[in-house]
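Data block below; observations after.
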Amino acid sequence: MKKYALIVAIAVIFFGCQEKKEETTVSHKIEKQQTIQIEQKQNRPETEEKNVVDLNGETIFKAKGCSACHHSKNEGAGPSLSKISEVYNKDKNRLINFLKGKEKPIVDPQKFGIMSPQLNTTKLMSDDELSALADYILKH
């Protein structure tokens, strides 16, 4: 009887080890597949869609914090968008040059102190972003 119990115990251990070995092999295969997939994603060139900057002027206006001081019709800490549009009289290039720090303020120059730090942000924007932002501002 003891021999029988010993044989059963050895069989359980042997077959249990086989299952663990199979589980380990499957686990390693899954890990290897995941590693390969990650490497493929990392080595894959980014699509143009991911590189495209959102050139929606309103989105840029909000994302860069402009809406904190400038409102569509009402004056805030900065002049309203309608006032900016009126003063620049649809002169997009002049507005862009102001946003690049190349022009002096012509809309409420006394409020320029508030805008001055924000110019550090607009100066770093691409020409396409500035163009979209100016289009958005001047449509008011």
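A compact table of results
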{"read-out": "Q110 vs. criteria over 15 Å from K62 (Cα atoms) and either part of a helix (DSSP H, G or I) or at pLDDT 95 or above (or both)", "value": "yes"}
{"read-out": "Meets criteria (under 17 Å from N120 (Cβ atoms), under 27 Å from the mean Cα position of the chain (by Cα) and exposed (fewer than 14 other Cβ atoms within 10 Å of the Cβ)) for G78", "value": "no"}
{"read-out": "Within segment 110-126, considering residues that are within 12 Å of A77 (Cα to Cα) and without any contact (Cβ under 8 Å) to a residue 40 or more places away in the chain, the one surrounded by the fewest Cβ atoms within 10 Å (Cβ to Cβ)", "value": "Q110"}
{"read-out": "Within segment 80-109, tally of residues that are more than 18 Å from L130 (Cβ to Cβ) and touching a residue at least 24 places away in the same chain (Cβ under 8 Å)", "value": "4"}
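The values are calculated or read from the model by the stated rules, or taken from the named source; none is laboratory data. Given the structure is predicted, the values throughout are model-derived calculations rather than measurements. Note that we place each Cβ from the backbone using ideal geometry, even for glycine, and neighbour counts take in every protein chain shown.
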